[in-house]
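Reading through the C-alpha cells given below for one structure.
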Amino acid sequence: MSKLAGKHIVITGASAGIGAELARQLGAQGCRLTLAARRCELLQQVAEQVRQAGGQAQVAVCDVAQREQVLALAAAARAGFGEIDVWVSNAGHGIRHRVLQAAEDDMLEQYKVNCLSSLWGYQAVIPHWQDHQRSGQVIDVSSVGGKAGFPFAAGYVAAKHALSGLGDVARQELAGSGIMITTVYPGSTLSDFSRAVLDRTDGTITSSLSGIKRRSSLLVRILSAEQSSAHVARCIVGVMLRPRPTAYPHPGATFAAILNNFWPGFVLAQIVKLRRGI
Ligand SMILES: NC(=O)c1ccc[n+]([C@@H]2O[C@H](COP(=O)([O-])OP(=O)(O)OC[C@H]3O[C@@H](n4cnc5c(N)ncnc54)[C@H](OP(=O)(O)O)[C@@H]3O)[C@@H](O)[C@H]2O)c1
C-alpha cells in the first residue's frame, strides 16, 4: 500500500495541466483529494478520473487571487475530508508584456495568483497544524522563472522570484517544527499554460518567439526542452514521499538557472544573439 494512501491533499489549479495530472497520480495512490480552481466542470471531470483511479475527490470552486476564497477553500476541504495533510499551491497564470509597458494591474494580478495565493495557503493551513500539534507539508509550484528571468514575462518572473523568497523565509521560520515547505521549480512544461497566457503586446512577440526557437543553438534547445505534465507531477509526488526544501523536475532548466546566476554575461550574450529582429 502506498505511503500516501488515505492522505488528504488539497491541490489548487487542479482543473488542467500539472494540477490535473497530479490529481490523477495521487488518485491512483488512494489519496483523498480536494481539487480547486475556477472552472467547475473541468474539476468535476478530474474528480471522476481520480475516483476511477481508486482515490476519493471533492471539488471546490476557488479564485486563488482572492484571500477569503483561499481561506474558505481550506475550511471546505476540512469540512469534507477532515484535517489536511498536504497543501499544493499549484495555480498559476502568466501575462506576456514588455517590461517597459507592464501595467500595474497586470503586475498585481500575477503577483496575487503566483505568489500571494501561496502565502494565503500557508495562513489557511499552518496555524491549524500548529494548534493541533500536527506535522504537514505545503508544496509551492514555482517555475525555473523563479530562479532566472526570461524576456516578456516581467510580472510572472517577478512573482515567481517573490514566491522563492517567500518559501525560503517560511521554511526558516518553521525549521524543526515538523512542517515542511517545498518549492518545486519546473522548466517549460507541456500543458494549457501557454494557451492561457494573456498577450498584452502588439502581437509581434508571439510570432518572433517561434522564430527564436528555430534559430536556437542545440545547447539552448536542450536546456529549454519541454517536459510533460506527468513528469512534473511525478516529481511532486516524489517530494510528498521524501519531503525536502526544493525540487527541480527538469535538469536542463536547472542548469540554465545556475548558469544565469553565476554567468549572467554569457546568458545575456546568447539572448542578444537570439533576439535580433524583435
Ligand atoms: N507550463 C509550463 O511551462 C510551466 C513551467 C513552469 C512552471 N509552471 C507552473 O506550473 C503551475 C501549473 O501550470 P500548468 O502548466 O499546469 O498550467 P495550466 O494548464 O494553464 O493550468 C493552470 C491551472 O491554474 C488554475 N488557475 C489559474 N488562475 C487561477 C486562479 N486565479 N484561481 C484558481 N485557479 C487558477 C487553472 O484553473 P482555472 O482556469 O480553472 O481557474 C488551471 O487549473 C503554475 O503555477 C505554473 O506557473 C508551468
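Numbers for the structure displayed
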read-out: Those residues of segment 221-234 which are surrounded by 19 or more Cβ atoms within 10 Å (Cβ to Cβ) and either part of a loop (DSSP other than H, G, I, E, B) or among the hydrophobic types (A, V, I, L, M, F, W, C) (or both), in sequence order; value: LEU223, VAL232, ALA233
read-out: Subset of segment 151-163 (residues that are within 12 Å of the ligand (Cβ to nearest atom) and either surrounded by fewer than 23 Cβ atoms within 10 Å (Cβ to Cβ) or in contact (Cβ under 8 Å) with a residue 24 or more places away in the chain (or both)); value: ALA153, GLY155, TYR156, ALA159, LYS160, LEU163
read-out: Some residue of segment 174-185 being out of contact with any Pro (no Cβ under 9 Å at 6 or more places or on another chain), within 20 Å of LEU71 (Cβ to Cβ) and touching a residue at least 24 places away in the same chain (Cβ under 8 Å); value: yes
read-out: Some residue of segment 48-70 being closer than 16 Å to SER191 by Cβ and of a type in the set (D, E, K, R); value: no
read-out: Pairs, first farther than 12 Å from LYS7 by Cα in segment 17-29, second of a type in the set (Asp, Glu) and within 9 Å of the ligand (Cβ to nearest atom), C-beta under 7 Å, six or more apart; value: GLY17/ASP192
read-out: Matching residues in segment 97-134 - criterion: being in contact with a Phe, Trp or Tyr (Cβ under 7 Å, 6 or more places away or on another chain) and either surrounded by 21 or more Cβ atoms within 10 Å (Cβ to Cβ) or at pLDDT 95 or above (or both); value: HIS97, GLN110, ASN114, GLY121, VAL125
read-out: Among (1) in contact (Cβ under 8 Å) with a residue 24 or more places away in the chain; (2) part of a helix (DSSP H, G or I), the one test that LEU100 misses; value: (1)
read-out: LEU42 being hydrophobic (A, V, I, L, M, F, W, C) and over 20 Å from the mean Cα position of the chain (by Cα); value: no
read-out: Long-range neighbours under 9 Å by Cβ, at least six apart or interchain, first residue under 19 Å from GLY121 (Cβ atoms) and of a type outside the set (A, V, I, L, M) within segment 37-49, second within 11 Å of the ligand (Cβ to nearest atom) and not in a helix (DSSP H, G or I); value: ARG38/SER15; ARG38/VAL61; ARG38/CYS62; ARG38/ASP63; ARG38/VAL64; ARG38/ALA91
read-out: Which numbered condition SER191 fails, given (1) at pLDDT 85 or above; (2) more than 8 Å from the ligand (Cβ to nearest atom); value: (2)
read-out: Any chance GLY146 is under 18 Å from PRO264 (Cα atoms) and without any contact (Cβ under 8 Å) to a residue 60 or more places away in the chain; value: yes
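The values are calculated or read from the model by the stated rules, or taken from the named source; none is laboratory data. Note that the structure is a prediction, hence the values are computed from the model and not measured. Here Cβ is always computed from backbone atoms with ideal geometry, including for glycine, and neighbour counts include all displayed protein chains.
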